[in-house]
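Engineer: Before I ask anything, let me first share the structure, which is written out below as structure tokens.
The values are calculated or read from the model by the stated rules, or taken from the named source; none is laboratory data. Treat the numbers as computed from the prediction; the structure is a model and nothing was measured. Virtual Cβ from ideal backbone geometry, glycine too; neighbours counted across all protein chains shown. Accessible surface areas use protein heavy atoms only, side chains included; no ligands, DNA or RNA. Shrake-Rupley method; radii C 1.70, N 1.55, O 1.52, S 1.80 Å.
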Amino acid sequence: MIRRMPISDLIESVGSQTRHRLAVFGDFWSFFARTWLFVARSGWKWRNIRGLLAQMYEVGVKSVPVVSITGAFVGMVLGVEAFTQFKAIGQENRLGVIINLSVVKQIGPVMAAMMLAGRVGGALTAELGTMNVTEQLDAMRVMGADPVGVLVVPRFLACILLTPILTIYSDMLGVVGGYLISVKSLGIPAEPYWRYSAQGVDLWQINEGLIKAIFFGASIGIISCYKGFNSGSGASGVGRACTESFVASFIAIIVINFFFAQVAKDWYITIYGIKGIFG
């Protein structure tokens, strides 16, 4: 027979889990506030800038190939999938609008952030988690150095600064990929393709994608560092922290993207009115 849990034990379990999650939530935001405090006080000192340059190479330069390839193939897939629908209504010349608008507003920033969450976020969590397990973080505290200022700030700033730049690479390759499929493969004339694209994509959409990329980078950086600092003991603890880091970063990117899209849409309609891709 299945033994049922007494109602008192169930309430106790739910209360314990709720209390634990609230404590973790508060600890995360305390960690976030400490990071920004160090950024404001000493984030731009030469000692920290040297560490920032090294992290910018790890976060940015090494991520260019995977972000570029992802962006290019996303643009190609959009061209292949949307061509049939646009051709059915006789608007295939406007295919560039939907491809380039989707790339610069949504898919480019989101896909670049996803690649960073997987490649960079996991690496940051594993690196800091290993230092936590081997008690290197405690050793830094004993020597009078705060690990948040020394280790977290350069990685956090690198993610913030480099994510928009990587998004530009992703957007650029996505636009080129969509052009190659649409014009070179599917036979759409180049002149109307670019003319309608220029009419449908303005500076607002480009800036919207780049600004949200900053928030994506901040979420990836702070979540990855926090999970690394609070990883469990042993190799299994570090592994779990890496998994939790990617999942949490992925969810944060999706949630931020939704609220940012809603706010940006309301502002755009207020300022410019409703504008469709067909004129």
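Engineer: Go through segment 162-212 residue by residue and tally those that are under 20 Å from V77 (Cα atoms), of a type in the set (S, T, Y) and within 17 Å of the chain's Cα centre (by Cα).
Structural biologist: Residues flagged as under 20 Å from V77 (Cα atoms), of a type in the set (S, T, Y) and within 17 Å of the chain's Cα centre (by Cα) within segment 162-212 amount to 3.
Engineer: Another one. Residues in segment 182-201: is at least one in contact with a Pro (Cβ under 9 Å, 6 or more places away or on another chain) and part of a helix (DSSP H, G or I)?
Structural biologist: Yes; the residues of segment 182-201 include at least one that is in contact with a Pro (Cβ under 9 Å, 6 or more places away or on another chain) and part of a helix (DSSP H, G or I).
Engineer: When you scan segment 217-237, do you find a residue that is part of a helix (DSSP H, G or I), out of contact with any helix residue (DSSP H, G or I) (no Cβ under 7 Å at 6 or more places or on another chain) and aromatic (F, W, Y), even just one?
Structural biologist: no
Engineer: For segment 135-165, name all the residues that are free of Cβ contacts under 8 Å to residues at least 12 places away in the same chain and either in contact with a helix residue (DSSP H, G or I) (Cβ under 6 Å, 6 or more places away or on another chain) or more than 23 Å from F38 (Cβ to Cβ) (or both).
Structural biologist: M140
Engineer: If you don't mind, there's one more thing I want to ask. For segment 181-230, which residues satisfy the criterion of being open to solvent by 30 Å² or more (accessible area, probe 1.4 Å), in contact (Cβ under 8 Å) with a residue 60 or more places away in the chain and of a type in the set (F, W, Y)?
Structural biologist: W194, Y196, W204
Engineer: Out of everything in segment 13-62 that is within 25 Å of M115 (Cβ to Cβ) and out of contact with any helix residue (DSSP H, G or I) (no Cβ under 7 Å at 6 or more places or on another chain), what residue ends up being surrounded by the most Cβ atoms within 10 Å (Cβ to Cβ)?
Structural biologist: For segment 13-62, the residue satisfying everything is E58.
Engineer: With the condition kept exactly as written, say whether any residue in segment 163-180 is out of contact with any His (no Cβ under 9 Å at 6 or more places or on another chain), surrounded by 20 or more Cβ atoms within 10 Å (Cβ to Cβ) and outside any helix (DSSP H, G or I).
Structural biologist: No, segment 163-180 has no match at all.
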